[in-house]
Amino acid sequence: MKLLLDSTRCQGYGLCQEPAPDLIDLDEWGYAAVVADPAPGTAQDAARAAAEACPNSALRLER
């Protein structure tokens, strides 16, 4: 699975990083950058939680 970011939808809230700190970095303004694809198991759960935490649906999981 891949965690994809639509940077045009990201508003810099930073809510996505809390459930997935190993997968997402925030820049100095709070905008997200995906730094790793989720591995099977708990990382996929974290990626799913990060996508759900985004109020603007900027993140999504894709197979």
- request: In whole Hz, with x marking every Gly and Pro, tabulate ³J(HN,Hα) for segment 46-58 from phi via Karplus 6.51 cos²θ - 1.76 cosθ + 1.60, θ = phi - 60°.
  value: 5, 5, 5, 5, 5, 5, 5, 6, 6, x, 10, 6, 6
- line: Under the 7 Å Cα-to-Cβ spin-label approximation, A53 and D27 lie apart by a distance in nanometres of 2.0 nm
task: Compute log10 of I(q)/I(0) for the chain with the Debye formula, placing one identical point scatterer on every Cα and leaving out solvent, at q = 0.11, 0.15, 0.28, 0.30 Å⁻¹, to two decimals.
output: -0.18, -0.34, -1.25, -1.44
- line: In the chain, the GluC sites (Glu not before Pro) that sit in a DSSP loop and have at most 16 other Cβ atoms within 10 Å of their own Cβ are E28
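Every read-out reported here was derived from the displayed coordinates using simple, explicitly stated rules and does not represent laboratory data. Everything quoted here is computed from the prediction, not taken from an experiment. Because the Cβ atoms are built from the backbone with ideal geometry, glycine has one as well, and the counts that use them run over all protein chains shown.
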